[in-house]
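Since the structure comes first, as C-alpha cells, the remarks are kept for the end.
Read-outs throughout are calculated quantities, based only on the coordinates presented, and are distinct from any laboratory measurement. Everything numeric in this text was worked out from a predicted model, so none of it was measured. Glycine also receives a Cβ, built like all others from the backbone with ideal geometry; neighbour counts cover every protein chain displayed.
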C-alpha cells in the first residue's frame with residue numbers, strides 16, 4: 001500500500017490525483033470522509049468491486065453505498081422525488097446516506113432486493129475531489145476490523161489493510177460516528193440508523 005498524509009483543510013492535489021489514477025486502473029483505495037475512513041473503488045469496475053467484497057469478507061449479500069459529487073450527480077444514479085430532492089438539498093454535503101430507488105446505470109450488484117441504492121455526498125474536500133476527478137461515483141464502505149468495529153486511527157487501518165488495498169489517503173484520526181441512514185425510497189421517510197447527522201426533520 002502507498003500511504004500519503006494530506007492536510008485536512010487544504011489537501012495536496014497531487015496525492016488525490018494519484019489515487020484517481022489508481023481508481024481508473026481498477027485499484028482499491030482507503031480515503032477519509034466526514035465521518036469515518038472508507039474503502040472504495042470505481043463502482044463501474046467489476047474486478048475492483050469483487051476485491052472489496054473479498055476485503056470485507058462478504059458473500060455479496062452486504063449492500064455498499066457509494067459517493068456522488070453533488071446533488072445533480074445523484075440524479076444520474078437514482079430516482080429522486082421532489083421531497084427527496086428538497087431534503088437532500090437541505091442536508092448535503094453532510095454525514096448522511098440516503099436510500100433511493102436505483103437508476104439503470106448502477107451495477108445490479110449494488111442494488112438491494114428492493115432495487116434501491118445508498119448514496120452519500122460527504123462534507124469532505126478529499127472525498128469530493130476524488131469523485132470529481134474520477135468522473136464516477138466510488139464505493140463507500142467503512143474500514144472495520146474482523147469484529148466489525150470501525151477503525152478511526154489511520155495507523156491501525158494501514159496495519160490491517162496494508163496488503164489488501166493500493167493506496168491510502170490519511171488526514172489523521174477520524175473520531176466521528178458513522179453516517180445517519182435515511183430511506184427516501186417511499187413516500188414516508190424512514191430513519192434506518194441515527195448516526196452523525198441530525199435526523200430530527202425525519203422523525
Quiz item: In segment 2-202, what % of DSSP beta bridges are antiparallel (nearest 5)?
Solution: 60
Practice problem: Under 14 Å from a label point 7 Å along Cα→Cβ of residue 115: give me every residue in segment 69-89 with its amide N that close. | Solution: 78-80
Quiz item: How do 44, 66 rank when sorted from fewest to most other Cβ atoms within 10 Å of their own Cβ?
Solution: 44, 66
Practice problem: Round to a whole angstrom and tell me the spacing of the C-alpha centers of segment 89-106 and segment 8-30. | Solution: 23
Practice problem: Using only Cα atoms, find the angle between the long axis of helix 82-91 and the longest principal axis of the chain, and express it within 0 to 90 degrees, rounded to the nearest 10. | Solution: 40
Practice problem: Pairs of Cα atoms under 8 Å, at least six residues apart: use those to get the relative contact order of the chain, whole percent. | Solution: 32
Exercise. Multiply the residue separation of residue 9 and residue 70 by 0.36 nm, subtract the distance between their alpha-carbon atoms, and state the gained length in nm to one decimal.
Key: 20.1 nm
Quiz item: Helix 13-24 sits at what angle to the longest principal axis of the chain, using alpha carbons and giving 0 to 90 degrees rounded to 10?
Solution: 80
Quiz prompt | Computed [θ] at 222 nm, helices only, for the chain once each DSSP H run of length n ≥ 4 contributes -39500 (n - 2.57) | solution = -8000 deg cm²/dmol
Exercise. Give me 120, 146, 14 ranked fewest to most by other Cβ atoms within 10 Å of their Cβ, as a rough exposure proxy.
Key: 146, 14, 120
Quiz item: Against the longest alpha carbon principal axis of the chain, how many degrees, from 0 to 90 and to the nearest 10, is the axis of helix 46-55 turned?
Solution: 80
Exercise. Could you grab the relative contact order for segment 67-131? Cα pairs under 8 Å, six or more apart, rounded to a whole percent.
Key: 43
Quiz item: Sorted by average packing, counted as other Cβ atoms within 10 angstrom per residue and highest first, what order do 73-85, 152-164, 25-37 take?
Solution: 25-37, 73-85, 152-164
